[in-house]
Amino acid sequence: MQASLAAAGPLVLALLAALAIDRLTARRGLAPPAFSAPEGAGAGARWLSAGRRALAFGVLAGVLWIGVFSPLGHIGDPPEIDPSQLSVAQLFLLHFLFALALGIWYLAGFGPFAGRLRSQLGLRMRGVGRELALGLGVGLVAWFVVLSALVAIGVVIWMVAGEEALAREPPALIPWVAALPVWARIAVSCSAGGVEELFFRGFLQPRVGIALSTGLFVLAHASYEQPLMLVGITLLSLVFAFLVRWRQSIWAAAAAHAAFDAIQLLVVIPRLMEFLGPGEGSPVAPIAALAWRGVAG
């Protein structure tokens, strides 16, 4: 019974989330025109519109199931991923699925020549260079502020409840990621910054709001099972969310996201793993695990 719930629960949650996104999208006037037939259209046009909307709904539910809710079905289970069996290409699989889902949703709703992709996904092109430069600066500041906040929280927890209250080491995959070639770590950072911001902030945020899009972003990383790490992910998500609201595009947030991940993967994680041996308890260890957020989703 428990195994059945663990298997079915994420799928049900994904379907409910996709339904909520569909309804909120329509309520906010952001539903693509092809999802509803014009007034007075014939039965064939109505069926076609319903089919387009159902296709977009199904694809969105599928990617939410795989990329957001499936970790909930494995909380508490022993890790199943063996880093030695992974390839660099597999690190981009979830990002590919997010991008594919957005592409299918757009084509189903607008067709290949509609020309509304930029406005639908927060890709306003005016002043892109300025937005990217701003985002890099925000990424550096966010790295310092968020990591400082987590160090402070970790130290307080350590002093009050003892080191047993903190994760004694980051997820096992982090040493593997930190040992990847530089080009791979840069590619992963850029992919995370671009695709995750496109999906969670460019697509979801205007349709469901900051609270729900942030909640889905955090749930996508629930498999870490490290509360302190999820606090950091929440803080970062809110920084990116309000940056998108302020700038009315995702470019600055994408650059900030990529900059944060790059700092972690290229500098912080390798240095921390050099000084913190596996299994050494420290309030800094779970903070090192933050970089894995950009790698895993």
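The values are calculated or read from the model by the stated rules, or taken from the named source; none is laboratory data. Computed from a predicted model, the values in this text were never measured in an experiment. Every residue, glycine as well, gets a Cβ built from its backbone with ideal geometry; the counts of neighbours run over all protein chains shown. Protein only, heavy atoms only, side chains kept; ligands, DNA and RNA dropped before computing areas. Shrake-Rupley method; radii C 1.70, N 1.55, O 1.52, S 1.80 Å.
Taking a Cβ cut-off of under 10 Å around Arg207, the surrounding Lys, Arg, Asp and Glu residues balance to a net charge of +2, with basic ones at +1 and acidic ones at -1. A simple count of charges around Val138, restricted to other residues whose Cβ falls under 11 Å of its Cβ and scoring Lys, Arg +1 and Asp, Glu -1, yields 0. Take Ile210: with every protein chain present and a 1.4 Å probe, its accessible area is about 20 Å².
Which order do the peptides 19-30, 50-61, 193-204 come out in when sorted by mean C-beta neighbours inside 10 angstrom, highest first? Intermediate results must be reported in sequence, preceding the final value.
On the way: 19-30: 14.7, 50-61: 18.3, 193-204: 24.9.
Highest to lowest by the protection proxy: 193-204, 50-61, 19-30.
Kindly provide the pair-distance distribution of segment 178-274 built from C-alpha pairs, with 10 Å bins from 0 and whole-percent values in order of increasing distance. Bins of 10 Å from zero give 17, 45, 32, 7, 0 percent of pairs. In the context of the full set of protein chains, residues of segment 213-270 present 31 Å² of accessible surface per residue (probe radius 1.4 Å, heavy atoms only). Other residues whose C-beta falls under 12 angstrom from the C-beta of Ala254 contribute a net charge of -2, scoring Lys and Arg +1 and Asp and Glu -1.
With a ≥ b ≥ c taken as the square roots of the eigenvalues of the C-alpha gyration tensor of segment 203-245, please select rounded if a/c is under 1.5 and otherwise prolate if a/b is larger than b/c or oblate if it is not? Since a/c reaches 1.5 but b/c is at least a/b, the shape of segment 203-245 is classed as oblate.
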